[in-house]
């Protein structure tokens, strides 16, 4: 009996770690976005064409089905927005590192030019 709460906590921790991993790395995030979009499109089609007649006769099942589809679509939109935010963040970070590299190269070029000028002036004397 004591292992059940620990086991549930371990499952929760593993689930959160997996979700963090999937959201953190672009290829996994993009695959999740693609699969979620595909499932949502299939669910919309299935609700409209093959299941349309059944869902229109049962109001409760109609509401439940389309709520699930709505939540799938909302999940896809939120995941797409999150992906956009992460890409912008990564782009800004890359731009900052490039700016730093350019500043370092500029400083080194300036230093080398000053050394060359000093050497040229010594040779003229």
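Observations on the model:
- Angle in degrees between helix 59-124 and the longest Cα principal axis of the chain, rounded to the nearest 10: 0
- Applying 1/(1 + (r/R0)^6) with r as the Cβ-Cβ distance of residue 28 and residue 99 and R0 = 25 angstrom yields a FRET efficiency of 0.25.
- For segment 6-72: span of alpha carbons on each principal axis (Å, largest first): 44, 31, 14
- Residues residue 66 and residue 18, FRET efficiency given R0 of 30 Å [Cβ-Cβ distance, rounded to 0.05]: 0.55
- When Rg and Dmax are taken over the Cα atoms of segment 27-112, they come to 23.5, 82 Å.
Each value in this text was obtained by applying a stated rule to the coordinates, not by laboratory testing. Because the structure is predicted, anything quoted here is derived from the model rather than measured. Every residue, glycine among them, receives a Cβ derived from its backbone with ideal geometry; neighbour counts consider all protein chains shown.
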